[in-house]
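Visitor: After the structure tokens below, expect a handful of questions from me.
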Amino acid sequence: MNTPDSPPVNSPGTAPAGLPYISVVVPARDCAELIGECLAAIAAQTYRGPIDVTVAVAPSSDGTAQAVAGSEIELPLQVVPNPAGTAAAGLNLAVAASAGAVVARVDAQSRLAPDYLERAVATLARTGAANVGGVQHPVGPGPIAAAVRSPFGGGPAAFRRGRHGGPADTVYLGVFDRAALESVGGFDETLGRNQDYELNWRLRSRGHTVWLDPTLVVDYVPRSDYRGLARQYFSYGAWKRTMLVRNPRSLRARQLAAPALVAGLAVSALELALGRGRGAALPAVYAAACAAAAARLRDSQGDRGRAAAAFAVMHICWGAGFLAGRTRRGRQPN
């Protein structure tokens, strides 16, 4: 936490060595078991310029605020309350409470590599981008984590594969030029999900560049149970539809795959209910595809059946959320 001898949190501008001051912002809710490792990874950065950390804590039931307060990281750290509870509101509050020339968004479920900020700032300077981000790398044991890591499960978005650097639709997390971030109004607090994609859409619409740097690989701790995975992906789908209704030109063909699958499975169910055997074709093909994708996983701990089930949960819940999910402002599951 901040002490009288700590560098001031609100110290904007550039360090004497020419390295910009970085404000790291973290939205946190119900993450007491995760936030310590997240903050430790921030504290272990090799970046030689000044860094401060602001954590926006939403109402939690697991002692998240106490876990943050008990952190012993040797960086200026401040905590701001986030009564609205959403990630977007928390991020905006944290950005407003800090003043670094560069703003680095970090999630409690993420683990930065030691050179993450150093590389990101160098890429910002080299490219002139408004936002630089990297690749999400789901970590952890078990078939669900293995399925989330798979392209068949997570999809082909560049921030999940990260083979080539350059301008991108969106990136994982993000290290922002503060002036560009504030020029577009920050994160949209009316969105419970897809705030990153929507913000990057606004940045690009205003002529800014969003840059994917594949060397910025960030570990991410995914859900470990099917119920949590289902809720997460249903919410993703519902909020993606809301975002696309507002910004239809941001639509990408890949985003229609899961809704099309769900619609096709619904038609198949109707065909089978009417006694038409052809209704079994799509479910059979899809089940075989899930099984084949699970068989290709190297790290599902031998439980390919559960990995295949995780694929189905992600695809079907995302598609169902897109087609029928209701969205409203308020607390959303992290």
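Visitor: Given the conditions (1) over 16 Å from the mean Cα position of the chain (by Cα); (2) at pLDDT below 95, and given that Thr86 satisfies all but one, which numbered condition is not satisfied?
Guide: With respect to (1) over 16 Å from the mean Cα position of the chain (by Cα); (2) at pLDDT below 95, Thr86 is out only on (1).
Visitor: Any idea how many residues of segment 295-305 are in contact with a Pro (Cβ under 7 Å, 6 or more places away or on another chain) and buried (at least 21 other Cβ atoms within 10 Å of the Cβ)? Even if it seems obvious, please write down each step before you answer.
Guide: Filtering segment 295-305 for residues in contact with a Pro (Cβ under 7 Å, 6 or more places away or on another chain) gives 300-301, 303.
Restricting the remaining residues to those that are buried (at least 21 other Cβ atoms within 10 Å of the Cβ) gives 300.
Qualifying residue count for the region: 1.
Visitor: Then there's this: Any idea which of Pro259, Pro214 is of a type outside the set (A, V, I, L, M), under 18 Å from Met314 (Cα atoms) and at pLDDT 90 or above? Give the steps one after another, and end with the answer.
Guide: Details: Pro214 fails: under 18 Å from Met314 (Cα atoms).
It is Pro259.
Visitor: Within segment 171-199, track down each residue that is modelled with pLDDT under 90 and touching a strand residue (DSSP E or B) at 6+ places or on another chain (Cβ under 8 Å).
Guide: Asp196
Visitor: Within segment 117-143, count every residue that is in contact (Cβ under 8 Å) with a residue 12 or more places away in the chain and more than 16 Å from the chain's Cα centre (by Cα).
Guide: 15
Visitor: Among Asp62, Asp52, which is the only one that is in contact with a helix residue (DSSP H, G or I) (Cβ under 8 Å, 6 or more places away or on another chain), assigned by TED's automatic domain parsing to the domain that holds Gly85 and among the acidic types (Asp, Glu)?
Guide: Every option except Asp62 fails the conditions.
A quick yes/no check of all residues on (1) of a type in the set (Ser, Thr, Tyr); (2) under 24 Å from the mean Cα position of the chain (by Cα); (3) surrounded by 12 or more Cβ atoms within 10 Å (Cβ to Cβ); (4) over 25 Å from Asp225 (Cα atoms):
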residue	(1), (2), (3), (4)
Leu274	no, no, no, yes
Gly279	no, no, yes, yes
Pro283	no, no, yes, no
Tyr286	yes, no, yes, no
Ala293	no, yes, yes, no
Ala307	no, yes, yes, no
Ala310	no, yes, yes, no
Cys317	no, yes, yes, no
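Visitor: While we're on this one: Restricting attention to segment 56-91, which residues are in contact with a Cys (Cβ under 9 Å, 6 or more places away or on another chain) and in a loop (DSSP other than H, G, I, E, B)?
Guide: Ser60, Asp62, listed by residue number.
Visitor: For segment 117-144, give me the residue count where each residue is in a helix (DSSP H, G or I), surrounded by fewer than 22 Cβ atoms within 10 Å (Cβ to Cβ) and of a type in the set (Gly, Ala, Ser).
Guide: So the answer is 2.
Visitor: Out of the residues in segment 122-141 that are in contact with a strand residue (DSSP E or B) (Cβ under 6 Å, 6 or more places away or on another chain) and among the hydrophobic types (A, V, I, L, M, F, W, C), state the one that is nearest to Ser183 (Cα to Cα).
Guide: Looking at residues that are in contact with a strand residue (DSSP E or B) (Cβ under 6 Å, 6 or more places away or on another chain) and among the hydrophobic types (A, V, I, L, M, F, W, C), I get Ala130.
Visitor: Please indicate, with yes or no, whether at least one residue in segment 262-283 is in a helix (DSSP H, G or I), free of Cβ contacts under 8 Å to residues at least 60 places away in the same chain and within 30 Å of Ser110 (Cβ to Cβ).
Guide: no
Visitor: If you take the residues of segment 214-258 that are of a type in the set (Lys, Arg) and more than 30 Å from Gln45 (Cβ to Cβ), which of them is surrounded by the most Cβ atoms within 10 Å (Cβ to Cβ)?
Guide: So in segment 214-258, the residues of a type in the set (Lys, Arg) come out as 223, 227, 231, 240-241, 246, 249, 252, 254.
Filter once more, so that each one left must be more than 30 Å from Gln45 (Cβ to Cβ): 227, 231, 240-241, 246, 249, 252, 254.
On the way: Arg227: 9, Arg231: 16, Lys240: 25, Arg241: 18, Arg246: 13, Arg249: 7, Arg252: 11, Arg254: 10.
That would be Lys240.
Visitor: Let me ask something else. Can you tell me which condition Gly18 does not meet? The list is (1) of a type outside the set (Val, Ile, Thr); (2) at positive phi; (3) in contact with a Ser or Thr (Cβ under 6 Å, 6 or more places away or on another chain), and all the others hold.
Guide: Among (1) of a type outside the set (Val, Ile, Thr); (2) at positive phi; (3) in contact with a Ser or Thr (Cβ under 6 Å, 6 or more places away or on another chain), the lone unmet condition for Gly18 is (3).
The values are calculated or read from the model by the stated rules, or taken from the named source; none is laboratory data. Please read all numbers here as calculations on a predicted model, not as lab measurements. With ideal geometry, Cβ positions are generated from the backbone for all residues, glycine too; neighbour counts draw on all protein chains shown.
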